[in-house]
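**Student:** I'd like to ask some things about the structure below.
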Amino acid sequence: MRTIRILLAFLALAIPATLFGQIRLSISIGPPALPVYEQPICPGDGYLWTPGYWAYDDSVSDYYWVDGEWVMAPEEGFLWTPGYWAWENGGYRFNQGYWGSEVGFYGGINYGFGYSGDGYDGGRWDHGQFFYNRSDNNVDVARNRNVYDSHFSSHNESRVSFNGGNGGIEARATSEQEAAGRQRHVTPVALQIEHEQIARVSPEYRSSVNHGKPPVAAVIRPEAVNNRQTAEPARVVEPSRPEGAGASVEPRVEPLTKQSENNQARKAVHPNDLAPISRPEPTNSGNAKADKKYQQQQDNLIARQNQERQSLQQKQDSEHQRLTQQKASDSRTQQVEQKHQQQTQQLSNKHVAQQQSLQARQPQPKQQNKQDRPDKKN
């Protein structure tokens, strides 16, 4: 059964993103409360926060936690509308999140970090640049130069993770949110789908194992900048104020800090930084034919994974060459490096999960069920 569940999870990786919004399971019991966790520092400009949520694995009849993560917006000007659970027709159903030009209705759920239940206060686009509200996001001006401070009062402090039903959030979509829901959308990007599937095959994220307190850890956790002394003149960074904005926004002077020279380079930024793929010990189940077949599967998997590493490395090398030819700025180069780190980490996680799936199918020694019998005396 365990092997079947893992195989189903990897089959889900191949399902197009457009199909995920069509999965409409009805669950009789609502998801656990949202856990309290810290947001990792934003890895660079252009990344938007997508909050953590409870998903459901029908194969084991259990909720599992999907960590929040920083994700590059699929299109300039797009924002993320989180998915949410809602009571519908005698059961809880999940409404898939999406990317769009406006944030729509997400059940009134307080996901935190700008998603207080109504709209998004964590930042906004302005002339092709995304500006981060430092009151809601963990950002550092060494990585994110477009920042501002704006405090929005929210009376929704609930950690309830579902809308409607017994004990759920009593919120309904406004006409503006309904209109936003009818606009052109982009389904979750491949990185988000893969992130969810990795959580799905990780037992520690299941509600029955963690009892509603998952080991929260986002995909990318860049190192914090140690040197926060003002090394260069400061400048004011502030987005244009939208018409009709209700909150007061004051320009804020931010020092242009540099990273400390003592900071060590982050590991595994590129596939070449990863440790070589280890080859498992040969199996000896007593079935030579099954052992040989399993060994061939291991060899094929390792060869394919090495090829995927090489392909990603070549792609990243080409991007580095283009940056050199274009004489890209340091901030642009840093942003690409952080994207490369995210790609490399995702590939590594995928390969580990593939190895675990294959190892779950390795031949097992036959159990000896015969009991010793006393010798007969003639």
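**Student:** Just one of the numbered conditions (1) modelled with pLDDT under 95; (2) under 23 Å from Glu38 (Cβ atoms) is not true of Tyr106; which one?
**Tutor:** Unmet for Tyr106, out of (1) modelled with pLDDT under 95; (2) under 23 Å from Glu38 (Cβ atoms): (1).
**Student:** So, in the stretch 106-162, exactly how many residues are part of a loop (DSSP other than H, G, I, E, B), farther than 21 Å from Glu76 by Cβ and not acidic (Asp, Glu)?
**Tutor:** Number of matching residues: 25.
**Student:** Any idea which residue in the stretch 321-354 is farthest from Gln305 (Cα to Cα), counting only those that are open to solvent by less than 40 Å² (accessible area, probe 1.4 Å) and free of Cβ contacts under 8 Å to residues at least 60 places away in the same chain?
**Tutor:** Ala328
**Student:** Looking at the stretch 270-283, I want the residues that are open to solvent by 40 Å² or more (accessible area, probe 1.4 Å) and have a partner that is acidic (Asp, Glu) with Cβ atoms under 8 Å, at least 6 apart or on another chain. Which pairs are those?
**Tutor:** That search, which allows pairs on different chains as well, returns Pro282/Asp291.
**Student:** So which of Arg143, Arg134, Arg182 ends up being more than 30 Å from Ile27 (Cα to Cα) and open to solvent by 20 Å² or more (accessible area, probe 1.4 Å)?
**Tutor:** Unique residue meeting the criteria: Arg134.
**Student:** Restricting to strands (runs of 3 or more DSSP E) lying wholly in the stretch 46-99: which have 2 or more residues that are within 14 Å of the chain's Cα centre (by Cα) and over 30 Å from Ala142 (Cα atoms)?
**Tutor:** The strands (runs of 3 or more DSSP E) meeting that bar are 53-57, 62-66.
**Student:** With respect to Tyr47, is the statement that it is at negative phi, crowded, with 22+ Cβ neighbours inside 10 Å and of a type outside the set (A, V, I, L, M, F, W, C) true?
**Tutor:** In short, yes.
**Student:** Could you go through the stretch 26-38 and let me know if any residue there is over 22 Å from Pro215 (Cβ atoms), in contact with a His (Cβ under 6 Å, 6 or more places away or on another chain), open to solvent by 20 Å² or more (accessible area, probe 1.4 Å) and modelled with pLDDT of 90 or more.
**Tutor:** There is no residue in the stretch 26-38 that is over 22 Å from Pro215 (Cβ atoms), in contact with a His (Cβ under 6 Å, 6 or more places away or on another chain), open to solvent by 20 Å² or more (accessible area, probe 1.4 Å) and modelled with pLDDT of 90 or more.
**Student:** State all residues of the stretch 175-184 that are assigned to a loop (DSSP other than H, G, I, E, B) and touching a Ser or Thr at 6+ places or on another chain (Cβ under 8 Å); if no residue qualifies, say none.
**Tutor:** Gln183, Arg184
**Student:** Where residues in the stretch 186-199 are assigned to a loop (DSSP other than H, G, I, E, B) and modelled with pLDDT of 90 or more, which of them is farthest from Tyr63 (Cα to Cα)?
**Tutor:** The extreme case among them is Thr187.
The values are calculated or read from the model by the stated rules, or taken from the named source; none is laboratory data. Small disclaimer: the values here were computed from a predicted structure and weren't measured. FYI the Cβ positions are ideal-geometry reconstructions off the backbone, even for glycines, and counts take in every protein chain you see. Note: accessible area is taken over every heavy atom of the protein model, side chains too, but ligands, DNA and RNA are not part of it. Shrake-Rupley method; radii C 1.70, N 1.55, O 1.52, S 1.80 Å.
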